[in-house]
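The values are calculated or read from the model by the stated rules, or taken from the named source; none is laboratory data. Please read all numbers here as calculations on a predicted model, not as lab measurements. Here the Cβ positions follow ideal geometry from the backbone for every residue, glycine too, while neighbour counts run over all protein chains shown. Just the protein is used for accessible areas: all its heavy atoms, side chains included, with ligands, DNA and RNA removed. Shrake-Rupley method; radii C 1.70, N 1.55, O 1.52, S 1.80 Å.
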Amino acid sequence: MSDLLTVENLTVSYHTKTREVTALLDVSLSLAPGEVFGIVGESGCGKSTFSSVIGHLLGPAGQVESGLVEVAGHNVLALSGKTLRAYRSNDIAYVFQDPMSVLDPTKTLGKQYRRLLGSSDWKQKAIDALNHVGLGDHQRVLSSFPHQLSGGMAQRVVIAMALMRMPKLLIADEPTAALDASIRSGVMELLTKWCSEIGAAMLIISHDIPIISRFCDRIGVMYAGRFVEIGPAAEFITSPLHPYPIALLASEPGHEGEDGVLQSLEGAPPLSISRDRACAFADRCAHRDDVCTSDFPAPVKVGSSTVSCCRIDAIHAEATR
Ligand SMILES: Nc1ncnc2c1ncn2[C@@H]1O[C@H](COP(=O)(O)OP(=O)(O)O)[C@@H](O)[C@H]1O
Ligand SMILES: [Mg+2]
(Lines give C-alpha, C1' and ligand atoms only; values in the text may rest on other atoms or scores of the structure.)
(Ligands and ions follow the chains in the order given, each with its own letter.)
Protein backbone atom coordinates (compact mmCIF):
# COMPACT_ATOMS: atom_id res chain seq x y z
CA MET A 1 0.00 0.00 0.00
CA SER A 2 1.34 3.43 -0.85
CA ASP A 3 2.08 5.88 1.95
CA LEU A 4 -0.49 8.35 3.20
CA LEU A 5 2.14 10.86 4.28
CA THR A 6 5.58 11.27 2.79
CA VAL A 7 7.98 13.90 4.04
CA GLU A 8 11.36 14.01 2.35
CA ASN A 9 14.44 16.01 3.28
CA LEU A 10 12.46 18.84 4.84
CA THR A 11 14.41 21.85 6.08
CA VAL A 12 12.49 24.75 7.69
CA SER A 13 13.77 27.96 9.23
CA TYR A 14 12.20 30.99 10.91
CA HIS A 15 13.28 34.52 10.11
CA THR A 16 12.26 37.24 12.54
CA LYS A 17 13.62 40.73 13.18
CA THR A 18 15.69 39.51 16.09
CA ARG A 19 16.86 36.08 14.99
CA GLU A 20 17.05 33.35 12.40
CA VAL A 21 16.62 29.78 13.52
CA THR A 22 16.65 26.44 11.80
CA ALA A 23 13.67 24.48 13.14
CA LEU A 24 13.83 21.32 10.98
CA LEU A 25 16.90 19.96 9.28
CA ASP A 26 16.65 17.39 6.49
CA VAL A 27 13.72 15.50 8.05
CA SER A 28 12.13 12.50 6.35
CA LEU A 29 9.17 10.37 7.47
CA SER A 30 6.52 8.13 5.89
CA LEU A 31 3.20 7.10 7.42
CA ALA A 32 0.97 4.29 6.19
CA PRO A 33 -2.81 4.83 5.94
CA GLY A 34 -4.36 4.31 9.38
CA GLU A 35 -1.01 4.34 11.18
CA VAL A 36 -0.76 6.00 14.62
CA PHE A 37 2.58 7.75 14.95
CA GLY A 38 3.75 9.57 18.08
CA ILE A 39 6.36 12.34 18.23
CA VAL A 40 8.18 12.99 21.51
CA GLY A 41 11.02 15.29 22.51
CA GLU A 42 11.61 18.32 24.71
CA SER A 43 10.23 21.77 23.89
CA GLY A 44 11.92 23.59 21.03
CA CYS A 45 12.93 20.45 19.12
CA GLY A 46 10.71 21.20 16.09
CA LYS A 47 7.65 19.03 16.77
CA SER A 48 5.02 21.74 16.21
CA THR A 49 6.87 23.07 13.16
CA PHE A 50 6.77 19.57 11.66
CA SER A 51 3.02 19.25 12.31
CA SER A 52 2.32 22.76 10.95
CA VAL A 53 4.10 22.17 7.64
CA ILE A 54 1.82 19.22 6.91
CA GLY A 55 -1.18 21.58 6.92
CA HIS A 56 0.81 24.30 5.10
CA LEU A 57 0.28 26.33 8.28
CA LEU A 58 3.68 27.93 8.86
CA GLY A 59 3.26 31.57 9.79
CA PRO A 60 4.86 34.42 7.81
CA ALA A 61 8.19 33.98 9.65
CA GLY A 62 8.49 30.32 8.62
CA GLN A 63 10.23 29.30 5.43
CA VAL A 64 10.48 25.88 3.84
CA GLU A 65 14.02 25.91 2.46
CA SER A 66 13.81 22.52 0.81
CA GLY A 67 11.94 19.27 0.86
CA LEU A 68 8.71 17.58 -0.13
CA VAL A 69 5.45 17.03 1.79
CA GLU A 70 2.90 14.71 0.20
CA VAL A 71 -0.42 13.73 1.81
CA ALA A 72 -2.92 11.43 0.08
CA GLY A 73 -1.36 12.27 -3.27
CA HIS A 74 -1.34 16.07 -2.74
CA ASN A 75 1.90 17.96 -3.14
CA VAL A 76 1.05 20.04 -0.07
CA LEU A 77 3.62 22.81 -0.44
CA ALA A 78 2.37 23.56 -3.97
CA LEU A 79 -1.28 24.02 -2.85
CA SER A 80 -2.82 27.48 -2.49
CA GLY A 81 -6.21 29.21 -2.48
CA LYS A 82 -9.09 26.85 -3.30
CA THR A 83 -7.03 23.67 -3.54
CA LEU A 84 -5.42 24.38 -0.17
CA ARG A 85 -8.82 25.02 1.45
CA ALA A 86 -10.21 21.79 -0.05
CA TYR A 87 -7.18 19.84 1.22
CA ARG A 88 -7.57 21.29 4.72
CA SER A 89 -11.26 20.49 4.93
CA ASN A 90 -11.25 17.06 3.23
CA ASP A 91 -7.94 15.39 3.97
CA ILE A 92 -6.55 16.58 7.29
CA ALA A 93 -7.73 17.83 10.66
CA TYR A 94 -5.96 19.29 13.68
CA VAL A 95 -6.48 19.09 17.41
CA PHE A 96 -4.35 21.50 19.45
CA GLN A 97 -3.48 21.73 23.14
CA ASP A 98 -5.99 24.51 23.87
CA PRO A 99 -9.53 23.76 22.68
CA MET A 100 -10.48 27.39 23.31
CA SER A 101 -8.15 28.47 20.49
CA VAL A 102 -10.46 26.67 18.05
CA LEU A 103 -13.87 27.52 19.52
CA ASP A 104 -15.64 30.86 19.05
CA PRO A 105 -16.26 32.24 22.57
CA THR A 106 -19.24 34.32 21.42
CA LYS A 107 -21.37 31.50 20.00
CA THR A 108 -23.06 28.46 21.52
CA LEU A 109 -21.65 25.11 20.47
CA GLY A 110 -24.91 24.34 18.68
CA LYS A 111 -24.37 27.40 16.45
CA GLN A 112 -20.76 26.36 15.85
CA TYR A 113 -21.71 22.82 14.85
CA ARG A 114 -24.45 24.15 12.58
CA ARG A 115 -22.02 26.49 10.83
CA LEU A 116 -19.46 23.71 10.45
CA LEU A 117 -21.90 21.13 9.10
CA GLY A 118 -24.16 23.41 7.06
CA SER A 119 -26.68 20.71 6.12
CA SER A 120 -30.26 20.53 7.47
CA ASP A 121 -29.49 17.33 9.42
CA TRP A 122 -26.64 19.08 11.28
CA LYS A 123 -28.20 18.41 14.69
CA GLN A 124 -28.34 14.63 14.26
CA LYS A 125 -24.76 14.64 12.98
CA ALA A 126 -23.63 16.76 15.93
CA ILE A 127 -25.42 14.42 18.37
CA ASP A 128 -23.77 11.36 16.77
CA ALA A 129 -20.39 13.09 17.03
CA LEU A 130 -20.95 14.03 20.68
CA ASN A 131 -21.95 10.44 21.48
CA HIS A 132 -18.68 9.31 19.91
CA VAL A 133 -16.69 11.39 22.38
CA GLY A 134 -18.76 10.38 25.39
CA LEU A 135 -20.74 13.64 25.77
CA GLY A 136 -24.22 12.15 26.14
CA ASP A 137 -25.84 15.30 27.54
CA HIS A 138 -26.25 16.76 24.02
CA GLN A 139 -28.82 19.41 24.83
CA ARG A 140 -26.65 20.92 27.54
CA VAL A 141 -23.49 20.84 25.39
CA LEU A 142 -25.16 22.33 22.30
CA SER A 143 -26.75 25.19 24.25
CA SER A 144 -23.51 26.00 26.12
CA PHE A 145 -20.91 28.62 25.34
CA PRO A 146 -17.32 27.26 25.27
CA HIS A 147 -16.38 28.80 28.64
CA GLN A 148 -19.23 26.91 30.30
CA LEU A 149 -17.53 23.57 29.61
CA SER A 150 -14.63 22.03 31.53
CA GLY A 151 -11.31 21.77 29.67
CA GLY A 152 -11.81 18.05 29.12
CA MET A 153 -15.34 18.54 27.72
CA ALA A 154 -14.19 21.37 25.43
CA GLN A 155 -11.36 19.17 24.08
CA ARG A 156 -13.88 16.38 23.41
CA VAL A 157 -16.10 18.87 21.52
CA VAL A 158 -13.11 19.91 19.38
CA ILE A 159 -12.13 16.28 18.72
CA ALA A 160 -15.70 15.62 17.60
CA MET A 161 -15.54 18.63 15.24
CA ALA A 162 -12.26 17.37 13.78
CA LEU A 163 -13.18 13.74 13.32
CA MET A 164 -16.76 14.03 12.09
CA ARG A 165 -15.28 15.41 8.86
CA MET A 166 -13.61 11.99 8.40
CA PRO A 167 -10.09 13.24 7.56
CA LYS A 168 -7.46 10.84 6.26
CA LEU A 169 -4.91 12.24 8.69
CA LEU A 170 -5.49 13.69 12.14
CA ILE A 171 -2.71 15.82 13.58
CA ALA A 172 -2.91 16.20 17.35
CA ASP A 173 -0.35 18.60 18.85
CA GLU A 174 -0.20 17.92 22.60
CA PRO A 175 -3.97 17.26 22.76
CA THR A 176 -3.92 16.19 26.42
CA ALA A 177 -1.24 18.53 27.81
CA ALA A 178 -3.74 20.99 29.31
CA LEU A 179 -6.00 18.28 30.72
CA ASP A 180 -6.14 16.72 34.14
CA ALA A 181 -3.85 13.68 34.35
CA SER A 182 -6.82 11.49 35.29
CA ILE A 183 -8.62 12.05 31.97
CA ARG A 184 -5.65 12.02 29.56
CA SER A 185 -5.78 8.34 28.90
CA GLY A 186 -9.54 8.46 28.16
CA VAL A 187 -9.04 11.26 25.61
CA MET A 188 -6.21 9.32 23.93
CA GLU A 189 -8.42 6.26 23.82
CA LEU A 190 -11.28 8.04 22.08
CA LEU A 191 -8.90 9.67 19.59
CA THR A 192 -7.29 6.37 18.59
CA LYS A 193 -10.57 4.45 18.60
CA TRP A 194 -12.36 6.93 16.35
CA CYS A 195 -9.38 7.24 13.97
CA SER A 196 -9.28 3.47 13.67
CA GLU A 197 -13.05 3.32 12.93
CA ILE A 198 -12.73 5.76 10.02
CA GLY A 199 -9.33 4.45 8.90
CA ALA A 200 -7.58 7.79 9.60
CA ALA A 201 -3.88 7.92 10.34
CA MET A 202 -2.84 9.99 13.35
CA LEU A 203 0.24 12.02 14.06
CA ILE A 204 0.29 12.78 17.75
CA ILE A 205 2.73 14.98 19.63
CA SER A 206 3.03 14.50 23.37
CA HIS A 207 5.32 14.87 26.34
CA ASP A 208 3.61 11.95 27.98
CA ILE A 209 5.83 9.13 26.72
CA PRO A 210 4.18 6.27 28.66
CA ILE A 211 0.70 7.18 27.40
CA ILE A 212 1.58 7.67 23.77
CA SER A 213 3.70 4.55 23.68
CA ARG A 214 0.60 2.65 24.73
CA PHE A 215 -1.56 4.06 21.95
CA CYS A 216 0.87 4.45 19.01
CA ASP A 217 2.18 1.99 16.43
CA ARG A 218 5.50 3.81 16.06
CA ILE A 219 7.30 6.57 17.93
CA GLY A 220 9.68 9.18 16.53
CA VAL A 221 11.97 11.08 18.87
CA MET A 222 12.88 14.61 17.77
CA TYR A 223 15.96 16.41 18.92
CA ALA A 224 17.21 19.71 17.52
CA GLY A 225 15.10 19.56 14.38
CA ARG A 226 15.72 15.93 13.42
CA PHE A 227 14.37 12.49 14.20
CA VAL A 228 17.09 10.76 16.22
CA GLU A 229 15.14 7.51 16.63
CA ILE A 230 12.08 6.06 14.91
CA GLY A 231 10.80 2.64 15.86
CA PRO A 232 7.92 0.43 17.05
CA ALA A 233 6.29 1.89 20.19
CA ALA A 234 6.34 -1.40 22.10
CA GLU A 235 10.11 -1.76 21.70
CA PHE A 236 10.75 1.92 22.27
CA ILE A 237 9.17 2.09 25.72
CA THR A 238 11.12 -0.91 27.04
CA SER A 239 14.42 -0.50 25.21
CA PRO A 240 15.11 2.80 23.44
CA LEU A 241 18.38 2.81 21.50
CA HIS A 242 19.60 6.40 21.04
CA PRO A 243 21.26 8.04 24.11
CA TYR A 244 18.71 10.92 24.03
CA PRO A 245 15.53 8.83 24.44
CA ILE A 246 17.41 6.57 26.87
CA ALA A 247 18.08 9.64 29.04
CA LEU A 248 14.54 11.02 28.50
CA LEU A 249 12.96 7.77 29.65
CA ALA A 250 15.34 7.40 32.59
CA SER A 251 14.13 10.80 33.84
CA GLU A 252 10.44 9.69 33.77
CA PRO A 253 8.72 8.93 37.09
CA GLY A 254 8.75 5.18 37.64
CA HIS A 255 12.36 4.81 36.46
CA GLU A 256 13.99 5.62 39.82
CA GLY A 257 17.21 3.71 40.51
CA GLU A 258 17.75 1.32 43.43
CA ASP A 259 18.46 4.34 45.63
CA GLY A 260 15.00 5.71 44.74
CA VAL A 261 16.53 8.67 42.88
CA LEU A 262 15.46 9.65 39.38
CA GLN A 263 18.27 10.41 36.90
CA SER A 264 17.72 13.88 35.56
CA LEU A 265 18.64 14.88 32.02
CA GLU A 266 20.91 17.89 32.49
CA GLY A 267 20.87 20.88 30.15
CA ALA A 268 18.40 21.78 27.40
CA PRO A 269 18.10 21.41 23.62
CA PRO A 270 20.07 24.05 21.67
CA LEU A 271 18.16 27.30 21.06
CA SER A 272 19.63 27.50 17.60
CA ILE A 273 20.28 24.39 15.57
CA SER A 274 23.74 24.28 14.10
CA ARG A 275 24.28 22.98 10.58
CA ASP A 276 27.87 22.01 11.40
CA ARG A 277 28.96 18.43 10.94
CA ALA A 278 28.31 17.36 14.50
CA CYS A 279 25.74 15.57 16.64
CA ALA A 280 23.42 18.16 18.26
CA PHE A 281 23.05 15.99 21.38
CA ALA A 282 26.82 15.59 21.91
CA ASP A 283 27.18 18.19 24.68
CA ARG A 284 24.55 16.44 26.83
CA CYS A 285 25.55 12.87 25.98
CA ALA A 286 27.28 10.55 28.44
CA HIS A 287 28.73 8.53 25.51
CA ARG A 288 30.35 11.47 23.67
CA ASP A 289 33.51 10.73 21.70
CA ASP A 290 35.57 12.61 19.07
CA VAL A 291 33.35 11.43 16.21
CA CYS A 292 30.34 13.17 17.83
CA THR A 293 31.77 16.61 17.13
CA SER A 294 33.16 15.88 13.67
CA ASP A 295 30.38 13.95 11.90
CA PHE A 296 26.68 14.27 11.21
CA PRO A 297 25.00 11.14 12.55
CA ALA A 298 23.40 9.45 9.53
CA PRO A 299 20.29 7.34 10.16
CA VAL A 300 21.08 3.60 10.39
CA LYS A 301 18.81 0.59 10.75
CA VAL A 302 19.02 -1.20 14.10
CA GLY A 303 16.53 -4.09 14.15
CA SER A 304 13.18 -2.55 13.19
CA SER A 305 14.22 0.95 14.31
CA THR A 306 16.14 3.75 12.60
CA VAL A 307 18.67 5.53 14.79
CA SER A 308 20.92 8.53 14.13
CA CYS A 309 23.96 8.07 16.37
CA CYS A 310 27.50 7.40 15.14
CA ARG A 311 28.34 5.51 18.34
CA ILE A 312 25.24 3.31 18.48
CA ASP A 313 27.14 0.02 18.01
CA ALA A 314 29.82 0.95 20.54
CA ILE A 315 27.26 2.09 23.14
CA HIS A 316 25.23 -1.10 22.95
CA ALA A 317 28.34 -3.30 22.89
CA GLU A 318 29.40 -1.57 26.16
CA ALA A 319 25.94 -2.12 27.64
CA THR A 320 25.86 -5.87 26.92
CA ARG A 321 29.45 -6.58 28.09
N1 LIG B 1 6.76 31.59 14.68
C2 LIG B 1 8.01 31.41 15.04
N3 LIG B 1 8.94 32.40 14.87
C4 LIG B 1 10.23 32.22 15.21
N5 LIG B 1 10.75 31.08 15.71
C6 LIG B 1 9.89 30.06 15.89
C7 LIG B 1 8.49 30.16 15.57
N8 LIG B 1 7.89 28.97 15.87
C9 LIG B 1 8.87 28.17 16.34
N10 LIG B 1 10.07 28.81 16.36
C11 LIG B 1 11.38 28.25 16.79
O12 LIG B 1 11.57 27.02 16.08
C13 LIG B 1 12.13 26.04 16.93
C14 LIG B 1 11.22 24.82 17.00
O15 LIG B 1 10.00 25.19 17.62
P16 LIG B 1 8.73 24.24 17.69
O17 LIG B 1 8.49 23.64 16.37
O18 LIG B 1 7.63 25.05 18.29
O19 LIG B 1 9.21 23.11 18.73
P20 LIG B 1 8.40 22.16 19.72
O21 LIG B 1 7.01 22.04 19.22
O22 LIG B 1 9.16 20.87 19.69
O23 LIG B 1 8.46 22.80 21.07
C24 LIG B 1 12.35 26.72 18.28
O25 LIG B 1 13.67 27.20 18.31
C26 LIG B 1 11.36 27.86 18.25
O27 LIG B 1 11.79 28.93 19.06
MG1 LIG C 1 5.16 22.43 20.23
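In this simple spin-label approximation, Leu265 and Arg214 carry label points 7 Å from Cα along the Cα→Cβ vector, and these lie 2.1 nm apart. Overall, the chain carries a charge dipole of about 1560 debye about its Cα centre when +1 sits on the Cβ of Lys and Arg and -1 on the Cβ of Asp and Glu, all other atoms neutral.
Given a 1.4 angstrom probe, what's the average accessible area per residue across segment 164-321, in square angstrom?
Details: 7720 Å² over 158 residues.
Counting only protein heavy atoms, the per-residue value for segment 164-321 is 49 Å².
Note on Thr6 and Lys82: the model spin-label points, each 7 Å out from Cα along the C-beta direction, lie 2.7 nm apart. Look at the dipole of segment 118-200 built from charges on Cβ: of Met164, Leu135, Gln124, the Cα furthest out on the positive end belongs to Gln124.
Computed from the C-beta positions of Glu65 and Glu42, the FRET efficiency with R₀ = 22 Å rounds to 0.40.
On the protein heavy atoms, probe 1.4 angstrom, tell me the percent of accessible surface of the chain carried by carbon and sulfur.
52 percent
Say the cut-off is 32 Å between C-alpha atoms; which of Lys123/Lys168; Lys82/Lys301; Lys82/Lys123 go over it? Mind dumping the intermediate values first?
On the way: Lys123/Lys168 24 Å; Lys82/Lys301 41 Å; Lys82/Lys123 28 Å.
Where the Cα-Cα span goes over 32 Å, the pairs concerned are Lys82/Lys301.
Given R0 = 22 Å, the distance between the Cβ atoms of Asp128 and Asn90 translates into a calculated FRET efficiency of 0.70.
Per residue, how many Å² of accessible area does segment 1-100 show with a 1.4 Å probe? Don't jump to the answer; show the numbers that get you there.
Values: 4540 Å² over 100 residues.
Each residue of segment 1-100 exposes 45 Å² on average to a 1.4 Å probe.
Here's the picture: a label point sits 7 Å out from the Cα of Arg115 along the beta-carbon direction, and within segment 126-148 the residues with their amide nitrogen under 13 Å of it are 146.
Sparsely packed loop sites in segment 30-113 (the trypsin sites (Lys or Arg not before Pro) outside DSSP H, G, I, E and B with at most 14 other Cβ atoms within 10 Å) comprise Lys107. Label-to-label distance for Ser251 and Arg19 is 1.8 nm, based on points extended 7 Å past Cα in the beta-carbon direction.
Once you charge only the Cβ atoms, +1 for Lys and Arg and -1 for Asp and Glu, what is the size of the charge dipole of segment 230-321 about its Cα centre, to the nearest 20 debye? Before the final figure, lay out each step's value.
On the way: 7 positive and 13 negative charges, 83 e Å.
It comes to approximately 400 debye.
Annotation: extensible slack from His207 through Leu58 equals 51.5 nm (criterion: 0.36 nm per residue apart, minus Cα-Cα distance). Using a Gaussian network model of the chain in which every pair of alpha carbons under 10 angstrom is joined by a spring, one finds that among Leu130, Leu163, Leu117 the greatest mean-square fluctuation is at Leu117.
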